[in-house]
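Remarks on the structure that follows.
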């Protein structure tokens, strides 16, 4: 597609439930990033995928968070046993191999509300 | 500690007035510097970036930013604000020499434009 697509755009879930968020990057973009944006705050880096290399998971806040990506296609971010502090907008960005040369393209995000 | 600081959480200006949004960084070496804008319901859009060279950089939508090494700052400016500029603005950095190129964001400045 023309841009980075994220689904769902909004998700309300009960505390303790698992949720799965999806990101469709731009075709051909080897780099993919997940960020979390809490209300009134900047974006926090969560995880980075680059092609078939092992992902950089250094930003994941707890072991309840995990993400997968098959090759250079779709990525899913899974949050298990959701907590209220997980409420945030989750943003995905993709880029050709070196984003400094080609820039990052961000999706519109998934707004997650844990009640 | 390494950080990106945007000291102004919220700024209100009148349409046609000039604008300056502040950004300071605290890193051992000069990082790559970016300004992004986030409009409601839309993804982050790159306004401009600084890697090296001329310290005054021009961006889209009439924005410019000046890098000042002595002040560790990268302030965003616009000579005459339009109502459509109302949005949230984020300063971001990524360190030179790191492979993953993940961005570190400031907490953002929300701009309100009065008629």
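Read-outs throughout are calculated quantities, based only on the coordinates presented, and are distinct from any laboratory measurement. Values in this document were obtained by computation on a predicted structure and should not be read as measured data. Positions of Cβ are generated from backbone atoms using ideal geometry, with glycine treated the same way; all protein chains shown enter the neighbour counts.
Points to keep in mind about this one:
- Test item: A:40-49 mean partner chain Cβ contacts at 10 Å: 5
- Mean Cβ neighbour count within 10 Å, used as a protection proxy, ranking A:62-71, A:38-47 highest first: A:38-47, A:62-71
- In the protein assembly as shown, the calculated helix contribution to ellipticity at 222 nm averages 0 deg cm²/dmol per residue, counting -39,500 (n - 2.57) for every DSSP H run with n ≥ 4.
- Stretch gain in nm, segment residue A:44-residue A:64, where the contour uses 0.36 nm per residue and the Cα spacing is subtracted: 5.6 nm
- Stokes-Einstein D for chain B, Kirkwood Rh over Cα pairs, 37 °C, 0.692 mPa s (µm²/s): 229
- With R₀ fixed at 30 Å, the C-beta to C-beta distance from residue A:113 to residue B:112 puts the FRET efficiency at about 0.75.
- Inter-chain shielding of B:101-110 (mean C-beta neighbours from other protein chains, 10 Å cut-off): 6
- Take each residue in B:42-52, count the other chain C-beta atoms within 10 Å of its C-beta, and the mean is 3.
- In terms of its Cα atoms, the range A:5-114 spans 39, 26, 22 Å along the principal axes, sorted from long to short.
- Take B:69-78, B:48-57 and order them by the average number of nearby Cβ atoms within 10 Å per residue, most first; the result is B:69-78, B:48-57.
- Based on alpha carbons, the Rg and Dmax found for the protein assembly as shown are 17.7, 52 Å.
- Centroid-to-centroid, using Cα positions, the range B:1-61 and the range A:45-107 are 23 Å apart.
- FRET efficiency, 1/(1 + (r/R0)^6) with R0 22 Å, evaluated for residue B:54 and residue A:98 via beta carbons: 0.50
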